[in-house]
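S.K.: Below is one structure. I have some questions about it.
Every read-out reported here was derived from the displayed coordinates using simple, explicitly stated rules and does not represent laboratory data. Computed from a prediction, not measured in an experiment: that's the story for all the values here. We place every Cβ from the backbone using ideal geometry, glycine too, and count neighbours over all the protein chains shown.
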Amino acid sequence: MKLVAFGGGRIGIVRPGGVLDVTESLGVEPGEWPPVGMLRVIRDFDRHRDFLGAASGPLLSLDDIRLEAPIVWPNKLLAYPVNYFDHQAEMQSPNRADWNGFFLKAASSISGPRDPIVLPNLPNREIHHECELAIVIGRGGRDIDRDSAMDHVFGYACLIDVTVRGREERVMRKSHDTFTPIGPWIVTADEVPDPANLDLRLWVNDDLRQSANTRDMILDIPAMVVVASSVSELQPGDIIASGTPAGVGPIVAGDRVRIEIQHIGSMTVPVEQSESGGNSVYQTNDKRAAAVAH
Ligand code: MN
């Protein structure tokens, strides 16, 4: 099943020919605050599954609705750093998922599959795309073991981990608003035949920048669940950004970024420039770097 959010917090399922609006049937209140309707749907999905499979009604065209991020208020947005050997090599990075573990991005950085990436005003910095598989947690848990880890995975989505390069805290550089486009929907795990063998690709305009397969991950999906749940209790709707392969590079205003993951889907988001988003910390480091250069 493919679950979408649209139209200001409505929830739908994607059928051949369009989207079935199941908002009322699921008892979700569009516009509620905090916007956690999808989290409840995920928590209670076993109870909804038969109904959703059999539900019928008029279908809305995907062209006529505005898709939103399927989850906007997760308890946690976890992310693994360098998780493909080729990306470690290209960054000459001392970091690796199996050495560093995970970090957090602000959940408020999540944006939808039709929303722009809005670049902060940092003229001296490169801002990079990272093409990643998003893992959505279904059943929560603490100290999950490897044998049962996949039972806790609800589904998958495409995710772009946008990143300002620099020496500042990673959480700040990756948490600007719109820095985590997710979508275009959540595909439930039963529809993904082998998540350890998915092609993932990312283009900037017509330029293929990243092309990899999840079989080349350093920490595989069960390992990421085990490590995350050893630290904190996972909750329904938690999102794990699973790390990027080689080919990261800069994006600038006017670009269009397309991500495609086999058996999941694709989305294309535009890149815009903001006049805000800079701050004294970035500026201080820019000045220090310039002073060293002279
Ligand atoms: Mn990343």
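S.K.: Evaluated at 10 °C with a viscosity of 1.306 mPa s, what Stokes-Einstein diffusion coefficient in µm²/s does the stretch 77-211 have when Rh comes from the Kirkwood expression over alpha-carbon pairs?
M.R.: 97
S.K.: When only Cα pairs under 8 Å and 6 or more residues apart are kept, what is the percent relative contact order across the stretch 31-136? Walk me through the intermediate numbers first.
M.R.: Details: 70 pairs, mean separation 28.7, N = 106.
Dividing the mean separation by the residue count of the stretch 31-136 yields 27 percent.
S.K.: Using the Cα centre of the stretch 163-265 as origin and beta-carbon charges of +1 (Lys, Arg) and -1 (Asp, Glu), tell me which of ILE182, ALA246, ALA196 is placed farthest towards the positive end of the dipole.
M.R.: With unit charges placed on the Cβ atoms, the residue in question is ALA246.
S.K.: Percent antiparallel among DSSP beta bridges with both residues in the stretch 108-193, to the nearest 5?
M.R.: Bridges in the stretch 108-193 that DSSP calls antiparallel: roughly 85 percent.
S.K.: Take every Cα-Cα distance within the stretch 42-131, group them into 5 Å bins from 0 onward, and report for each bin the whole-number percent of pairs it holds.
M.R.: With 5 Å bins starting at 0, P(r) equals 2, 9, 11, 14, 17, 17, 11, 8, 7, 4, 1.
S.K.: Express in % the proportion of alpha carbon pairs of the stretch 1-154 at distances exceeding 29 Å.
M.R.: More than 29 Å apart: 31 percent of the Cα pairs in the stretch 1-154.
S.K.: To continue, here is another question. Measure off 7 Å from each Cα along the Cα-to-Cβ vector at ASP86 and SER211, then give the distance between these two points in nanometres to one decimal.
M.R.: Rounded to a tenth, the inter-label distance reads 0.9 nm.
S.K.: Right, next: At 0.36 nm per residue, and after removing the present C-alpha to C-alpha distance, how many nm does the segment from SER108 to ASN124 gain when stretched out fully?
M.R.: Numbers: separation 16, 0.36 × 16 = 5.76 nm, distance 2.45 nm.
Full extension of this stretch gives 3.3 nm more.
S.K.: Okay, moving on. Could you check the spin-label model distance between ARG49 and SER232? Points 7 Å from the Cα along Cα→Cβ, value in nm.
M.R.: So the two model labels end up 2.8 nm from each other.
S.K.: Moving on. Report, in whole Å, the centroid distance computed from the Cα atoms of the stretch 131-180 and the stretch 277-291.
M.R.: The stretch 131-180 and the stretch 277-291 have Cα centres separated by 28 Å.
S.K.: What's the angle, to the nearest 10 degrees (0 to 90), between helix 45-54's Cα axis and the longest principal axis of the chain?
M.R.: 60
S.K.: When the scattering of the stretch 183-267 is computed by the Debye formula from its Cα atoms alone, each counted once and equally, what is log10 I(q)/I(0) at q = 0.13 Å⁻¹?
M.R.: Log10 I(q)/I(0), no solvent term: -0.51.
S.K.: Something else now. Where in the chain lies the longest segment free of GluC sites (Glu not before Pro) that are both loop residues by DSSP (not H, G, I, E, B) and have at most 14 other Cβ atoms within 10 Å?
M.R.: Here the longest run is 33-125.
S.K.: Can you list the equivalent-ellipsoid semi-axes of the chain, largest first and in whole Å, using the square root of 5 times each Cα gyration tensor eigenvalue?
M.R.: Its equivalent ellipsoid spans semi-axes of 32, 22, 18 Å.
S.K.: Where a ≥ b ≥ c are the square roots of the eigenvalues of the C-alpha gyration tensor, would you call the stretch 137-188 rounded, which needs a/c under 1.5, or, failing that, prolate if a/b is larger than b/c, or oblate?
M.R.: oblate
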